[in-house]
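Colleague: Have a look at this one before I ask anything.
Please treat every number below as a calculation from the coordinates, not as lab data. None of the values given here were measured: they were computed from a predicted structure. Note that each Cβ is placed from the backbone with ideal geometry, even for glycine, and that neighbours are counted across all protein chains shown.
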Amino acid sequence: GNASVLGANPSQILSLKLHYNRRAGKQQQIARPLVVLNQTTAATSSSPGAVSSERFRLDNLGPQPGSRKRAKRKGRGISAGQGASCGFGMRGQKSRSGPGIMRGFEGGQTALYRRLPKLRGIAGGMRSGLPKYVPVNLKDIETAGFEDGDEVSLETLKQKGLINPSGRERKLPLKILGTGELSVKLSFKARAFSTSAKEKLEASGCTLTVLPGRKKWVKPSVAKNQARADEYFAKKRAAAAEAAASEPAASA
């Protein structure tokens, strides 16, 4: 047919060039093309998002306008804007060269960090304020339901639910305190006993076992010297005991 018939026919066959142009237009609508900001246009226009249709190429790549601030050139003459005193003034400590004043300095008066009192106790990092034992009173042991001859230790108290140490307390030893009374004879195994608890338990016929503590680490050379000193003083005490025992026999 002729050109008019082909133009009126909706099922016309397009040329390859026209078909490619239409396809490229649809892709541009779907995907935003890579464009580069026209720096002169962006600087003069009021809208910051003004862009040109120019695509990115190796010859037009550059930073966005305003992203890189130009450094001040101080001490390059008065006409440069930052000459003479370079913006630091004529006199004063802040105009001198060097590292300047330290952080917290208040001109010579007592600084705030020195005026305030120091933290004491646990908040100040003093280990003497931290607990050293897991304490349990006799009244709590009485209500726990122990029977005659039972053993009272850190493990049995955990099983009874009297103590539930967590965190740092899991590594602490047991200490028995003397608040309350005990009506049954038990066998105690703990690191320490208070004076009142020891008196009450011994009066009631309970057996007490003091568990040894963890030895403090010392250098091998120091430990060797301590062992020698202990051996020397042990021999000296034994000799003194023998001398004290032989004196009554000699006098008789």
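Colleague: Enumerate the calculated ³J(HN,Hα) couplings along region 131-144 in order (Karplus 6.51 cos²θ - 1.76 cosθ + 1.60, θ = phi - 60°), each rounded to whole Hz, writing x wherever the residue is Gly or Pro.
Modeller: x, 10, 9, 9, x, 9, 8, 5, 5, 6, 5, 5, 7, 7
Colleague: Now for a separate question. Where does region 100-169 land on Rg(C-alpha)/(2.2 N^0.38 Å)?
Modeller: 2.14
Colleague: On to the next question. Note down the net charge around PRO212, summing +1 for each Lys or Arg and -1 for each Asp or Glu among other residues with Cβ under 12 Å from its Cβ.
Modeller: Cβ neighbours under 12 Å give a net charge of +4.
Colleague: From the phi of every residue in region 188-205, what ³J(HN,Hα) in whole Hz does the Karplus formula 6.51 cos²θ - 1.76 cosθ + 1.60 yield, where θ is phi - 60° and glycine or proline is x?
Modeller: With coefficients 6.51, -1.76 and 1.60, one gets 9, 10, 8, 6, 8, 10, 6, 4, 5, 5, 5, 5, 5, 6, 5, 5, 7, x Hz.
Colleague: Which lysines, if any, have their Cα less than 30 Å from the Cα of LYS160, not counting same-chain residues under 8 positions apart?
Modeller: Straight-distance partners of LYS160: LYS132, LYS139, LYS171, LYS175, LYS185, LYS189, LYS198, LYS200, LYS215.
Colleague: How large is ³J(HN,Hα), in whole Hz, for each residue of region 93-102 in order, when computed from phi with the Karplus curve 6.51 cos²θ - 1.76 cosθ + 1.60 and θ = phi - 60°, using x for Gly and Pro?
Modeller: Once θ is set to phi - 60°, the couplings for region 93-102 become 5, 6, 9, 7, 7, x, x, x, 8, 7 Hz.
Colleague: Could you list VAL152, VAL210, VAL184, VAL136 so that the one with the fewest beta carbons within 10 Å of its beta carbon is first and the one with the most is last?
Modeller: VAL210, VAL184, VAL136, VAL152
Colleague: Further question on the same structure: Once the piece of chain linking SER194 and ASP140 is laid out straight, how much longer is it, given 0.36 nm per residue of separation minus the C-alpha distance between them?
Modeller: In short, 17.9 nm is gained.
Colleague: Give me P(r) over region 186-230, computed from all C-alpha to C-alpha distances, binned every 10 Å, as integer percentages.
Modeller: Once binned at 10 Å, the Cα pair distances of region 186-230 give 23, 32, 19, 23, 4.
Colleague: Right, something else. Pop the C-beta distance of ALA80 and ILE101 into the FRET formula with R0 = 30 Å and round what comes out to the nearest 0.05.
Modeller: That gives a FRET efficiency of 0.60.
Colleague: So what are the three principal axis dimensions of region 203-252 from its Cα atoms, in whole Å, longest to shortest?
Modeller: Sorted from largest, the Cα extents of region 203-252 read 50, 44, 8 Å.
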